[in-house]
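Chemist: Below you will find the structure I want to go over with you.
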């Protein structure tokens, strides 16, 4: 049985952006991540072993969000790569990073990038 493990609405203040003031003062970001995995044995045994621990997902996202980058595309790629590397049971990763109120010269709630990667 495959299923999804997801974290939604992860909030970070991070220092990603093309403009120097974004890397100096930072912006607020929201991250949503979902992974597909086979957790049938974990469900039967009621045991964390055999599924994806969402604390591990959070740690990966947090660590990568803490590394300043010019592009959120770069951050997204790093997160997905680390998930695939650390969690071999993951079949697919879906990730969205949103920069809240981006500096585009007008009103905008969020700018976002999404990646879907399948093993």
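Read-outs: derived from the displayed coordinates by stated rules, not from any lab. Computed from a predicted model, the values in this text were never measured in an experiment. Counting neighbours? That spans all protein chains shown, and the Cβs are built from the backbone with ideal geometry, glycine included.
Chemist: Can you give the Rg and Dmax of the chain based on its C-alpha atoms, in angstrom?
Modeler: Using the Cα atoms of the chain, the pair Rg, Dmax is 15.6, 54 Å.
Chemist: Need one number: nm distance between label points at residue 58 and residue 73, each 7 Å from Cα along Cα→Cβ, rounded to one decimal.
Modeler: The answer from the label model is 3.1 nm.
Chemist: Tell me, 71, 87, 57 in order of fewest to most beta-carbon neighbours within 10 Å? Show your work: numbers first, answer last.
Modeler: Details: 71 12, 87 17, 57 25.
Sorted ascending by nearby Cβ count, the order is 71, 87, 57.
Chemist: Taking the Cβ of each residue in 118, 112, 62 as the centre, tally the other Cβ atoms inside 10 Å and list the residues starting with the fewest.
Modeler: If I rank by nearby Cβ atoms, fewest first, I get 118, 62, 112.
Chemist: If you stretched the chain out fully between residue 25 and residue 92, how much longer would it get, using 0.36 nm times the residue separation minus the C-alpha to C-alpha distance?
Modeler: Full extension from residue 25 to residue 92 adds 20.7 nm.
Chemist: Sum -39500 (n - 2.57) across every DSSP H segment of at least 4 residues in the chain, then divide by the residue count to get the 222 nm mean residue ellipticity, nearest 500.
Modeler: -9500 deg cm²/dmol
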